[in-house]
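Asks: Below you'll find the structure I mean.
Nothing in this text is a laboratory measurement; each read-out follows from the coordinates by a stated rule. Computed from a prediction, not measured in an experiment: that's the story for all the values here. When we count neighbours, we look across all protein chains shown, and the Cβ atoms used for this are built from the backbone with ideal geometry, even at glycine.
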Amino acid sequence: MARSLHEVAALISPSVGEEKARALVAETAQALGMSGERLETEQCLQVLEVIAKQPGLVGISARFAKSRFHLLNE
Amino acid sequence: MTLKSASALAAGSVEQVIKSGVTQLDAQLGTKPEVVFAFASVAQPLGQVLAGLRQKYPRTLVVGASSAGEFSNREEMKSATSLFALGGDIEAHAALGRGLKQSPENAARAASERLPKQVAGLPEQTGVVLLDPLAGVSEESTLCLASMLGEHVRLAGGAAGDDLKLQHCRVGVNEESHEDAIVAVKLFTKHPTAVGIAHGHQPLTQPLEVTSAEGNVVHTIDGRPAWDVWREQARDAARNAGIDADRLPADKEGSFLLRFEAGLASGSAFKVRAPLSVGQNGSLNFACGIPRGTSFRIMQGDPDGQVLSARRAAEQARERLGRTVGGALVFDCICRNLILGDRFVQALGQMHDALDKAPIGGFETYGEIALDSSDFSGFHNTTSVVLAFGKE
């Protein structure tokens, strides 16, 4: 199921705030060469995977979001 | 057998607290407690309280945290200890992980891997988390622990306090208690528990941006020392509350910051983050990581909003439980007490009413934890978290 960049950002915004989360997701998607406003499930997970490599709270919140991403489809 | 709850509140020496507390618990419970939670002021050192309880209840799991205010049912005290016991149809296990600041992952793993995955005949699992917020990794630790325990384990809990000294916060299991640590408790029950959560804060300022930060330390906001900006932005609201932000003694800085916390926009709501102390060069030390680039507003709460949100958290827990409440653990931010003063007991009374007047045990925290399977964040501030157990 395709999801908007904002929907992906919403997975980590409770930990880092909306503006920071949106900036992280948009920058990461762009760096991965993903254009457009919507991402397929595999692309969402790729974006979270890259953010998850960051140190500290940003990385931990992305790893947590990735581990529970499947709940969005239930 | 059914699940039974009991609560107690006592002040005085550790010996007096243990004697009075155990007498109160035994009179209500009528059976050996499976687990006793102890939330102790620094007036009663946590290690001594836990050891004293273990002497009285050698086969009972005893867990606890130092606190910043203690309450039970409709009564609140300072320099006291609050106890909450569960017995009957329940099995409890707990473990402690150390070195939280160094590695929240390793500390959470050390605690979680010593807990059983399941218990025959008790299918429902609830996690209670107690941690040292001064380690500065409260959200990180909560997310790590939640990942390790799995999405079927509902989490609730609180960050330890130290009577607003903001220097030494402890958590413990049985004879062991430490700073810079996390305690994970797993409760296995026949029927589901329920968690209610609410805060009563509103934005005070326009958005501000963290321009320099490292871990939980925010150095600058909008390019200026964080503490200078905080005082300036909250000055007028503080004056209305009778606080002179420009002449704050050092021992009042913590309580000032706990009244005016940071709100991170998340959807239509605000996730609140507490600065706990002023650091070097005007930096602020938070209870969890605050990345550079974070946009936030300084928040404030009025007394009526604080009473209302406490009741809302209790009503939510009762509604989600879907049956009569048998007992509840309440983790309530110290900021509510700072804002409400003498009206704090009014908020407690409203919670007690909403929870069917069941036994309540809890403490005033430096942070609250609530994470259900659909949540993507678990650490909160300025919030009331209510963990309700059914009367079965």
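Asks: List the GluC sites (Glu not before Pro) within the stretch B:87-176 that fall in a DSSP loop (any state other than H, G, I, E or B) and whose Cβ has at most 13 other Cβ atoms within 10 Å. Could the numbers behind the result be given before it?
Replies: Numbers: sites: B:Glu91, B:Glu105, B:Glu113, B:Glu124, B:Glu139, B:Glu140, B:Glu151, B:Glu175, B:Glu176; in loops: B:Glu113, B:Glu151, B:Glu175.
Answer in residue order: B:Glu113, B:Glu175.
Asks: Further question on the same structure: Below 8 Å, C-alpha to C-alpha, sequence gap of six or more: please give me the relative contact order for chain B in percent.
Replies: On the way: 1110 pairs, mean separation 81.2, N = 392.
Worked out over chain B, it gives 21 percent.
Asks: While we're here: Between B:Ser66, B:Ser79, B:Ser177, find the one with the highest GNM mean-square fluctuation for chain B; connect C-alpha pairs within less than 10 Å.
Replies: Among B:Ser66, B:Ser79, B:Ser177, the largest mean-square fluctuation in the Gaussian network model of chain B belongs to B:Ser79.
Asks: Which value, in Å³ per residue, describes the convex hull spanned by the Cα atoms of the stretch B:146-269? Each step should come with its number before you reach the end.
Replies: Numbers: hull volume 22.8 nm³, N = 124.
Taking the convex hull of the Cα positions in the stretch B:146-269, it is 184 Å³ per residue.
Asks: Can you find, among A:Pro55, A:His6, A:Ala29, the residue sitting farthest towards the positive end of the charge dipole of the stretch A:3-72, where Lys and Arg contribute +1 and Asp and Glu -1 at Cβ?
Replies: It is A:Pro55.
Asks: Along the positive direction of the dipole of the protein assembly as shown (beta-carbon charges: Lys, Arg +1; Asp, Glu -1; about the Cα centre), which of B:Ile18, B:Gln167, B:Gly223 reaches farthest?
Replies: Looking along the dipole axis, the top candidate is B:Ile18.
Asks: Alpha carbon centre of the stretch B:163-222 versus the stretch B:339-392: separation in Å?
Replies: So the two Cα centres are separated by 14 Å.
Asks: Taking chain B as the reference, fit the longest principal axis to its C-alpha atoms, fit the long axis of helix B:14-29 to the helix C-alpha atoms, and give the angle between the two in degrees, 0 to 90, nearest 10.
Replies: The two axes meet at around 60 degrees.
Asks: Which part of the stretch B:93-134 falls in the paramagnetic zone of B:Thr31, meaning amide N under 14 Å from the point 7 Å along Cα-to-beta-carbon?
Replies: B:122
Asks: For a paramagnetic label modelled at 7 Å from the Cα of B:Arg114 toward its Cβ, which residues of the stretch B:79-95 fall within the zone defined by backbone nitrogen distances under 16 Å?
Replies: B:92-95
Asks: Which of B:Gly378, B:Gly47, B:Gly215 moves most in a GNM of chain B, Cα contacts under 10 Å?
Replies: B:Gly215
Asks: If R₀ is 60 angstrom, what is the calculated FRET efficiency for the pair B:His152 and B:Arg247, using the beta carbon separation as r and rounding to 0.05?
Replies: After rounding, the FRET efficiency stands at 0.70.
Asks: How long is the protein assembly as shown along each principal axis, judged by its Cα atoms, biggest number first, in Å?
Replies: Between the extreme Cα coordinates on each principal axis of the protein assembly as shown lie 65, 55, 37 Å.
Asks: In addition: Please give, to one decimal in nm, the separation of the simple spin-label points placed at A:Glu40 and B:His168, each 7 Å out from Cα toward the Cβ.
Replies: If labels sit at A:Glu40 and B:His168, their model points lie 5.9 nm apart.
Asks: Can you give the translational diffusion coefficient of the stretch B:137-190 in µm²/s, computed by Stokes-Einstein from the Kirkwood radius over Cα pairs at 25 °C and 0.890 mPa s?
Replies: Translational diffusion coefficient: 191 µm²/s.
Asks: Would you work out the relative contact order for the stretch B:202-300, in percent, from Cα pairs under 8 angstrom that are 6 or more residues apart?
Replies: It comes to 43 percent, rounded to a whole number.
Asks: Taking the Cα centre of the protein assembly as shown as origin and charging only Cβ (+1 Lys, Arg; -1 Asp, Glu), how large is the dipole, in debye to the nearest 20?
Replies: Dipole size: approximately 620 debye.
Asks: Would you mind telling me which residue in B:Gly97, B:Gly52, B:Gly161 has the biggest mean-square fluctuation in a Gaussian network model of chain B, where springs connect alpha carbons within a distance under 10 angstrom?
Replies: With Cα springs under 10 Å in chain B, the top fluctuation among B:Gly97, B:Gly52, B:Gly161 is at B:Gly52.
Asks: With an 8 Å cut-off on Cα pairs and a minimum separation of 6 or more residues, tell me the relative contact order of chain A in percent.
Replies: 33 percent
Asks: How much length would be gained if the chain were fully extended between B:Ser212 and B:Gln280, taking 0.36 nm per residue of separation minus their Cα-Cα distance, in nm to one decimal?
Replies: Between B:Ser212 and B:Gln280, full extension yields an extra 23.1 nm.
Asks: Charges on Cβ only, +1 for Lys and Arg, -1 for Asp and Glu, centred on the Cα centroid of the stretch B:305-383; of B:Ser377, B:Gly305, B:Gly362, which one is farthest towards the dipole's positive end?
Replies: B:Gly305
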